[in-house]
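Working notes, beginning with the structure itself.
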Amino acid sequence: MSANPARVSLLRYSPALILFAIVIADALQHSGADLWGHVLWGRELLAHDLLPRVNPYSYSAPGFPWLRHEWLSEVLMASMFDKFGPLGLKLLKFLCAAGTICFIVLAESETAAPAFVQAAILMVVALILVPAMQFRPQLFDFVALSAIVALLARHNWRGSAPLWIVIPIVAVWSNFHGGFFIGLVAMGVYGATSLLSDILAGYGPRRGLGIIAITAAAAASTLCTFLIPPARDTWYSLISELLNPMTRLQIADWKPLMVDLTTMPGGSIQQKYFVLVILFFAAAVVSVVLTPKRADAPLVAVAAVMLAAAFAAVRNVPIAAIAIAPVIANHLGLLLRPREVTTARAASA
């Protein structure tokens with residue numbers, strides 16, 4: 001917990017730059033193969049208020065139980081498409097990109113990093129988000145996680161924040177996509193690290209235990225969605241996906257980051273993208289190593305866990321970038337601050 005009196009927010013300093021970052025993150029407008037399935041299933045729910053217990057649309061696994069953990073995403077997609085056509089889906093995607101970028105800006109603004117450092121990091125994160133910002137339920141993962149990271153950044157550097165808001169966020173998020181689990185992991189890691197840091201510093205366990213209690217309440221809030229028929233499979237679907245060995249073998253975005261980097265054609269745009277990702281991650285690690293601070297240890301721990309998740313599966317790269325953004329902003333700011341002080345003293349001499 002440390003105060004940063006000289007905070008600068010890009011929301012006030014350069015809103016045009018933020019809009020540019022949103023446009024970059026939203027630049028890819030290709031629809032995936034699953035999009036029209038999501039629209040169809042959302043229409044089914046809107047028309048009948050339920051879905052069949054088995055998937056009637058599968059030719060490879062007829063009669064297999066239908067794991068319907070994305071039902072709210074599908075209802076929203078179907079509603080937007082039915083009312084506004086393809087433009088509605090593009091608007092929904094743009095709003096998700098805008099929400100994600102704005103929450104990243106809020107998280108960075110808590111660090112007191114110089115505006116140009118925040119802007120540079122924001123542009124890099126926007127580029128990293130481009131291939132992930134697709135017409136898929138994962139869009140809502142990025143919005144919700146970035147909101148939680150912004151709350152944690154405020155809590156870390158201001159000493160307090162309304163973390164209880166995470167409870168309704170996770171409760172709603174669990175109906176959009178199974179990625180809500182990442183939010184619980186972020187909260188749990190932050191709470192556990194806060195607990196350990198405070199005990200080592202002699203402050204006692206109260207703060208950390210409070211955060212862990214909020215995390216537990218957020219996890220419990222997902223059980224309330226079981227009262228909604230389409231959401232009963234939320235946890236079962238999540239656990240099945242994580243434990244199924246075929247997930248990493250058959251689904252491209254579940255493959256390890258280094259595997260994708262080394263198997264992409266040399267000089268391809270995909271390889272250049274992964275090189276950018278690796279450089280961003282390396283810069284974050286170096287900045288933390290060069291300016292170690294106990295004050296933001298909980299956020300660094302969250303970023304480290306998300307970084308490990310990104311190396312384990314490519315689909316987690318944008319999640320890691322979102323979690324890392326305030327951390328690298330803070331530590332790059334610390335690296336540059338001595339130079340700023342030296343320059344100011346020389347000018348006044």
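The values are calculated or read from the model by the stated rules, or taken from the named source; none is laboratory data. The shown structure was predicted, so the numbers you read here are calculated from the model rather than taken from an experiment. Methodologically, a virtual Cβ is constructed for each residue, glycine included, from the backbone with ideal geometry; neighbour enumeration extends over all protein chains shown. Side chains are part of the model used for accessible areas, which takes the heavy atoms of the whole protein and leaves out ligands, DNA and RNA. Shrake-Rupley method; radii C 1.70, N 1.55, O 1.52, S 1.80 Å.
With the gyration tensor restricted to C-alpha atoms of the range 68-199, the semi-axes of the equivalent ellipsoid amount to 28, 20, 11 Å, longest first.
The charge dipole of the chain, taken about the Cα centre with unit charges on the Cβ atoms of Lys, Arg (+1) and Asp, Glu (-1), comes to about 760 debye, rounded to the nearest 20. Calculated on C-alpha atoms, the gyration radius of the range 258-319 divided by its Kirkwood radius gives an Rg/Rh of 1.05. Taking 262, 291 and ordering them by how much accessible surface each has at a 1.4 Å probe, largest first, produces 262, 291.
Estimated from helical segments only, the mean residue ellipticity of the chain at 222 nm is -23000 deg cm²/dmol, where each DSSP H run of four or more residues counts as -39500 (n - 2.57). Simple rule: put +1 on each Lys or Arg Cβ and -1 on each Asp or Glu Cβ in the chain, find the dipole, and look at 76, 167, 239; the Cα lying farthest toward the positive end is 167. Solvent-accessible area of residue 64, all protein chains in place: 120 Å² (probe radius 1.4 Å, heavy atoms, ligands and nucleic acids excluded). With springs only between Cα atoms under 10 Å apart, run a GNM on the chain and tell me which of 306, 264, 187 wobbles the most. Answer for the Gaussian network model of the chain: 264. Ranked by solvent-accessible area (1.4 Å probe, protein heavy atoms only, all chains present), the residues 102, 224 order from largest to smallest as 224, 102. Counting protein heavy atoms only, the chain has 70 percent of its accessible area on carbon and sulfur, 1.4 angstrom probe. Using a cutoff of 8 angstrom between alpha carbon atoms and counting only pairs six or more residues apart, the relative contact order for the chain works out to 22 percent.
Legend: calculated FRET efficiency, residue 84 to residue 291, from the Cβ-Cβ distance at R0 = 56 Å, rounded to 0.05, equals 0.70. Each 10 Å bin from zero holds the following percent of Cα-Cα pairs in the range 1-100: 13, 32, 24, 16, 11, 4, 0.
Amide H to amide H distances under 5 Å link residue 313 with 257, where only residues 5 or more positions off or on other chains count and H is placed in the peptide plane. Applying D = kT/(6 pi eta Rh) to the chain, where Rh is the Kirkwood radius over alpha-carbon pairs, T corresponds to 25 °C and eta to 0.890 mPa s, the Stokes-Einstein value obtained is 115 µm²/s.
Show me the helices of the chain, taken as full DSSP H stretches, that run 27 Å or more along their long axis by Cα and average -1.0 or above in Kyte-Doolittle hydropathy. Flagged H segments are 86-109, 139-158, 180-201, 269-290, 317-348.
The candidates 273, 203, arranged from most to least accessible area with a 1.4 Å probe in the full protein assembly, appear as 203, 273.
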